[in-house]
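*Asks:* Okay, here's the structure, questions in a sec.
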Amino acid sequence: MSTDALAEKLAAALARHGSLAIAVSGGVDSMTLAATAHRRMPAGTVSMIHAVSPAVPQAATERVKARAAAEGWALSVTGAGEFDDPRYRANPVDRCYFCKSSLYDRIRAITPATIASGANLDDLGDYRPGLLAAAERDVVHPFVEAELAKADVRRLAHRLGLDEVAELPAQPCLASRVETGIAISAEDLAFIDETETRIAALLPAGATLRCRVTHAGIVIELDDAADAKVRETAEALCAGAGRRFAGVRPYKRGAAFLRAAP
């Protein structure tokens with residue numbers, strides 16, 4: 001399907017909703033949805049909500065604010081509030097349910113508009129407890145309605161001129177790097193953000209990188225084998241923070257979620 005046809009399918013899905021409040025995290029999905037809605041929906045019918053918390057990288061917040069200023073989005077920035085919930089901080093395997101519940105409740109307190117997320121077709125086949133929280137709150141997923149997958153979203157991002165996000169690797173929240181059962185703390189999340197920022201500067205643009213807080217210690221996950229500089233940097237950061245460095249391994253999606261075997 002052509003990129004123009006994808007854009008029209010998404011526009012048709014958006015048109016089914018009179019007004020939308022889009023949860024914008026700063027990744028390619030939500031940024032592409034926000035840009036499309038702003039450009040294709042009638043003026044005054046769409047707003048963007050960005051939630052900040054220790055689990056949101058500062059770079060993502062800066063990205064959202066810069067794009068909002070450039071395009072004139074109606075942007076509200078709010079606290080995500082998930083740290084107020086002890087169930088979230090305990091980091092069970094369904095932690096995302098409590099996170100998304102808090103996020104969508106915060107957005108609902110700001111606006112009566114229909115809440116929209118950037119979930120796409122690929123997300124439906126993954127373990128996403130947050131989708132249950134979304135369903136309970138009647139959150140809509142325009143990419144899913146338009147039958148768009150991640151690759152389609154990236155094509156649309158290029159079409160829209162979103163060069164700063166079009167080829168970004170998937171960037172779930174920083175808490176997703178913490179292995180199930182290890183309590184979520186702002187200190188750990190700040191360490192993860194700093195470590196990923198420092199190591200990303202040593203890697204090619206768009207490389208996948210995760211700094212995992214595991215029961216064995218700090219693990220760095222990469223698409224490809226790490227060179228000596230990456231390992232040295234990780235070891236130095238761990239030593240400076242008094243943390244155990246547990247090595248480098250290949251990236252595995254969702255590796256921090258430890259679920260009991262069925």
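The values are calculated or read from the model by the stated rules, or taken from the named source; none is laboratory data. This is a predicted model, so every value here is computed, not measured. All Cβ positions, even for glycine, are placed from backbone atoms using ideal geometry, and neighbour counts span all protein chains on display.
*Asks:* For L14, state whether it is out of contact with any Asp or Glu (no Cβ under 9 Å at 6 or more places or on another chain) and modelled with pLDDT of 95 or more.
*Replies:* no
*Asks:* Moving on. Within the group L168, L203, L209, which residue is at pLDDT 90 or above and buried (at least 19 other Cβ atoms within 10 Å of the Cβ)? Give the steps one after another, and end with the answer.
*Replies:* Details: L168 fails: at pLDDT 90 or above; L203 fails: buried (at least 19 other Cβ atoms within 10 Å of the Cβ).
After applying the criteria, what remains is L209.
*Asks:* Would you mention how many residues in the stretch 79-104 are part of a loop (DSSP other than H, G, I, E, B) and under 15 Å from the mean Cα position of the chain (by Cα)?
*Replies:* Count: 1.
*Asks:* Sticking with this structure for a sec: Looking only at the stretch 60-88, which residues are among the hydrophobic types (A, V, I, L, M, F, W, C) and exposed (fewer than 14 other Cβ atoms within 10 Å of the Cβ)? Give the derivation first.
*Replies:* Taking the stretch 60-88 first, the residues among the hydrophobic types (A, V, I, L, M, F, W, C) are 60, 64, 66, 68-70, 73-75, 77, 80, 83.
A66, A69, A70, listed by residue number.
*Asks:* Can I ask one more? Quick test of your reading of the structure: V144 fulfils all but one of (1) among the β-branched types (V, I, T); (2) assigned to a strand (DSSP E or B); (3) free of Cβ contacts under 8 Å to residues at least 40 places away in the same chain. Name the failing condition by number.
*Replies:* With respect to (1) among the β-branched types (V, I, T); (2) assigned to a strand (DSSP E or B); (3) free of Cβ contacts under 8 Å to residues at least 40 places away in the same chain, V144 is out only on (2).
*Asks:* In the stretch 25-45, is there at least one residue being surrounded by 21 or more Cβ atoms within 10 Å (Cβ to Cβ), of a type in the set (D, E) and either assigned by TED's automatic domain parsing to the domain that holds H141 or in contact with a Ser or Thr (Cβ under 9 Å, 6 or more places away or on another chain) (or both)?
*Replies:* yes
*Asks:* Can you find, within the stretch 110-140, the residue that is surrounded by the fewest Cβ atoms within 10 Å (Cβ to Cβ) among those that are within 17 Å of H50 (Cβ to Cβ) and in contact with a strand residue (DSSP E or B) (Cβ under 7 Å, 6 or more places away or on another chain)?
*Replies:* By that ranking, first place goes to I110.
*Asks:* Right, another one. Quickly run through the stretch 141-156 and pick out the residues that are buried (at least 18 other Cβ atoms within 10 Å of the Cβ) and small (G, A, S).
*Replies:* A146 - this is the single residue of the stretch 141-156 that is buried (at least 18 other Cβ atoms within 10 Å of the Cβ) and small (G, A, S).
*Asks:* Taking strands (runs of 3 or more DSSP E) that fall entirely within the stretch 208-262, which contain at least 1 residues that are basic (K, R)?
*Replies:* Of the strands (runs of 3 or more DSSP E) lying wholly inside the stretch 208-262, those with at least 1 residues that are basic (K, R) span 209-214, 245-250.
*Asks:* Another question, if that's okay. What pairs can you find where one residue is in the stretch 180-200 and surrounded by 19 or more Cβ atoms within 10 Å (Cβ to Cβ) and assigned to a helix (DSSP H, G or I), the other is among the basic types (K, R) and modelled with pLDDT under 95, and their Cβ atoms are less than 6 Å apart, with a gap of 6+ or different chains?
*Replies:* Note: no pairs meet the criteria.
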